[in-house]
Amino acid sequence: EKNRKKMGKGKSHDPKDGKRKEKAKMHLKRNIGYVDGVSFIIGSIVGAGIFVSPTGVLKHSLLNVGVALTIWTASGLVSLMGSLCYAELGTALPFSGGEYSHIKRGLGSLPAFIFIWTSTFTKPASNAARALLFAEYATQPFYGICPAPEVLKKCLALAVLWSLGILNGCSVKMAAWVQTVFTLLKMMALSVIAIGGIVLVGGRKESLARFEDAFSSEIPNASQIAEAFFQGLYAYGGWWSLNYMAEEMKNPSRNIPLTVMTAVPAVIVFYLLVNISYLTVLTPKEIVSSVAVAVTWADRVIPSVAWIIPLSVAVSIFGALNSSMFTLGRLSYAGSQSGHLPVLISMLNVHSCTPAPAMIFSTTIASIFIIPSDLIMLTNYFGFSAWLMIGLTCASLIVLRYREPHLHRPYKVFLPVPFVMVAMSSFLVLAPIVWSPNLQYVYAFLFMLGSLIVYLPFIHFKLHFAFLDKITCHLQLLLEVSPADESTESKCE
């Protein structure tokens, strides 16, 4: 209350002024439309993987072309089922925070806190890895066959992180515009690969033979198919991103399901076409042995402009990083609103109505991971946690169907679908631990359980330190931020 009075100094609060001026409520604005939503989903899914190394599926399929393409399709369909489950939750509960908000509503505060505790560690580390990979591709052309200096790559990665952090913290419209532009650029690059390989060399008999006898090679066993399936699902990761911005979607009841049904099938089609193009130009053995398959493809098909592929990889990573930072800021914002993170993080800038403190918070953590980049390797063992949270989110949908049957649901997914997703998530969580047990998985579980050390005193028993209020007060004044939903005369657009 003391801080609100300070923020109000210099403003007129006379009742007469209140009649002359309509006071706006401070909240996130619905600036994201259908096209922006499609751009964010595609931009989140399509990163460097499809350009650099789509070899995992083919390798674990024992170079069987038919099995590999089937797994690419099946992975896409599983991702589509998951996104449809999320579409129901996003339309029924259009709040920022994605899985966090849905798990909290369906399963309670503790599972939601474990989710945000884990995400606060893993998602910024993932952003740091993307920024470093972008720096790798952006600097390498200037050094030829020599490796670029590590200090240069880290400085560029930090610059990109903070540029995008500031952009997302200043304007949602600008962030959405950047996302749309970079998504169009990466889809153009994928179109070049998809169409180029088929048109230029699609008539070769040896290329066509690979598809006529697609299933003639050795058939992988169940364990190998599961490993290939893991690789395929990893390539589709990011389909869940739209729910993080549900609170900012225009007409979410209509646009969320429509966006999902447009973006995810489009990615499935593009992934299949690009893989077919790779297999048309290169043999399965060449694809598996290639460090960057798209570069090898370009050297064969368009050698005079092969430089366009490394540039496309950098563009694709940049777009995926922008989308990831946008969603991570909304996760921190939602967690703070629920009291699971410091209250300052839930405040909005009084001029732009953006969660600027949340963006600063998530960007700072990602920056810390860049400095000792070997820490990023630890996050590989948290891969199972992503599917654990997807399983909990789909379980939340099932719980809410029975516990809150009268909740308004503009879109309802076929009920067996979330049951399938829960079963699939359970398998994907347990399989890597059972097949390749590693002490690192124990550390990952202990880290997740370590959230109880924070949850019990600060969330459950509401332990509070008065000096934190003073720090919050000064930071609020410095950053020009105000609590959401507070009546104010801000100039929010």
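Less than 5 angstrom separates the built amide H of R30 from none of the residues sequence-distant by 5 or more or on a different chain. The residues of the range 20-111 present an accessible area of 31 Å² per residue when probed at 1.4 Å with all protein chains retained. Rounded to whole numbers, the Karplus 3J(HN,Hα) couplings from phi for the range 73-89 are 5, 4, 4, x, 5, 4, 4, 5, 4, x, 5, 6, 4, 5, 5, 4, 5 Hz, using 6.51 cos²θ - 1.76 cosθ + 1.60 with θ = phi - 60°, and x at Gly and Pro.
Fully extending the segment from N221 to L479 would add 87.1 nm, taking 0.36 nm per residue of separation and subtracting the current Cα-Cα distance. Placing dummy labels 7 Å off each Cα toward the beta-carbon, the span from L463 to N438 is 3.4 nm. Mean separation of Cα pairs under 8 Å and 6 or more residues apart, divided by the residue count, gives the chain a relative contact order of 34 percent.
Longest stretch of the chain clear of exposed loop sites (trypsin sites (Lys or Arg not before Pro), DSSP loop, at most 14 other Cβ atoms within 10 Å, sites excluded): 24-203.
A Förster radius of 22 Å combined with the Cβ-Cβ distance from V454 to I368 puts the calculated FRET efficiency at roughly 0.75.
The listed residues V442, V57 rank as V442, V57 when sorted by accessible area, largest first, using a 1.4 Å probe.
Ranking request for peptides 415-425, 39-49: highest mean number of other beta-carbon atoms within 10 Å first, then the rest in descending order. Intermediate values should be presented prior to the final figure.
Details: 415-425: 17.2, 39-49: 26.3.
In descending order of packing, they fall as 39-49, 415-425.
Shown in residue order for the range 418-435 are the 3J(HN,Hα) couplings computed by the Karplus curve 6.51 cos²θ - 1.76 cosθ + 1.60 at θ = phi - 60°: x, 5, 4, 5, 5, 5, 4, 5, 4, 4, 5, 7, 7, 4, x, 6, 6, 6 Hz (x for Gly and Pro).
At 0.36 nm per residue, minus the direct Cα-Cα distance, what do I198 and F427 gain on full extension? Give it in nm, one decimal, please.
Working: separation 229, 0.36 × 229 = 82.44 nm, distance 3.67 nm.
Result: 78.8 nm gained on full extension.
Solvent-accessible area assigned to carbon and sulfur over the chain amounts to 68 percent, based on a 1.4 Å probe. Taking I103, I365, I166 and ordering them by how much accessible surface each has at a 1.4 Å probe, largest first, produces I166, I365, I103.
Heavy-atom accessible area per residue, the range 256-394, 1.4 Å probe: how many Å²?
Ligands and nucleic acids excluded, the result is 32 Å² per residue.
Computed from backbone phi with θ = phi - 60° and the Karplus coefficients 6.51, -1.76 and 1.60, the 3J(HN,Hα) list for the range 175-182 is 4, 5, 5, 4, 4, 4, 4, 6 Hz; x is used for glycine and proline. All alpha carbon pair distances within the chain were sorted into 10 Å bins beginning at 0; the resulting P(r) in whole percents reads 4, 18, 28, 27, 15, 6, 2, 1, 0. In this structure, the pairs whose alpha-carbon distance is over 23 Å, taken from K250/K412; K123/K153; K104/K462; K29/K154, are K29/K154. The C-alpha atoms of the chain define a longest principal axis, and helix 222-235 lies at about 50 degrees to it. Between T472 and S109, the modelled labels are 1.5 nm apart [label points 7 Å from Cα along Cα→Cβ].
The values are calculated or read from the model by the stated rules, or taken from the named source; none is laboratory data. Just so it is clear, the model here is predicted, and its values are computed rather than measured. Neighbour counts are summed over all protein chains in view; Cβ atoms, including those assigned to glycine, are modelled from backbone coordinates with ideal geometry. These accessible areas exclude ligands, DNA and RNA; they are computed on the full protein's heavy atoms, side chains included. Shrake-Rupley method; radii C 1.70, N 1.55, O 1.52, S 1.80 Å.
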